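K.L.:
Below is the structure I would like to discuss, written out as structure tokens.
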Amino acid sequence: MKKIAVFTLGWALFLSSCSKKNDSCSYDSCAIKAPDSEITTLQNYLTGNSITATMHCSGVFYTIQSEGTSQHPTACSNISVKYKGMLTNGTVFDQTTNPVGFNLGMLVPAWRNVLPLIKGGGRIIMYVPPTLGYGNQAYGPIPANSILIFEVDLVTVY
């Protein structure tokens with residue numbers, strides 16, 4: 001019973017640290033970096049497909065298609081997005097046509113690292129090395145150690 005109370009308190013503190021009212025969300029987007037081997041593999045994919053993208057300090061590559069006009073999210077913001085997630089072979093593993101809401105702090109590190117580069121109303125494409133996605137674990141239709149591609153429309157920042 002004591003473990004459940006401690007676990008519940010821990011989650012409550014975690015969630016409150018990522019609440020809308022917390023403007024001092026501290027998150028170091030460069031703290032977790034993909035290994036050089038994953039970055040090299042991703043660079044080879046981008047080069048081989050004539051894709052020009054910028055590398056974030058964490059190893060995520062991205063292309064900002066539209067910066068947006070609203071506010072930038074923090075790593076703990078509540079957001080609504082429309083997105084498509086794909087593997088490098090073009091297989092779509094997840095997609096939304098209507099906006100869905102998330103707390104950015106609950107998503108894979110790549111999203112927390114790169115989505116704050118745009119504002120609400122913006123659009124970005126992320127090329128995600130495995131470490132900053134789902135890593136060495138298969139996740140539904142996503143094989144372990146997959147490079148992921150996300151096309152994301154940041155609809156709203158709450």
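FYI, it's all coordinate maths here, none of it is from the lab. Remember, it's a predicted structure, so these values are computed and weren't measured experimentally. Methodologically, a virtual Cβ is constructed for each residue, glycine included, from the backbone with ideal geometry; neighbour enumeration extends over all protein chains shown.
K.L.:
Within a 10 angstrom radius of the beta carbon, how do C30, C25, C76 rank from fewest other beta carbons to most?
P.N.:
Working: C30 10, C25 17, C76 21.
Fewest to most other Cβ atoms nearby, the residues stand as C30, C25, C76.
K.L.:
Which ordering of L154, L132, L87 is given by a fewest-first count of other beta-carbon atoms within 10 Å?
P.N.:
Numbers: L154 28, L132 24, L87 15.
Going from sparsest to densest Cβ surroundings: L87, L132, L154.
K.L.:
Please list, or write none, the aspartates and glutamates whose alpha carbon is within less than 18 Å of the alpha carbon of K119, excluding same-chain residues fewer than 8 places away.
P.N.:
In chain and number order, the partners are D23, E67, E151, D153.
K.L.:
Rounded, prolate or oblate: pick one for the stretch 26-157, where a ≥ b ≥ c are the square roots of the eigenvalues of its C-alpha gyration tensor, a/c under 1.5 means rounded, and failing that, prolate if a/b is larger than b/c, else oblate. Intermediate values should be presented prior to the final figure.
P.N.:
Details: a/c = 1.45, a/b = 1.36, b/c = 1.06.
Verdict is rounded for the stretch 26-157.
K.L.:
Please rank S26, S70, fewest neighbouring Cβ atoms within 10 Å first, as an exposure proxy.
P.N.:
S26, S70
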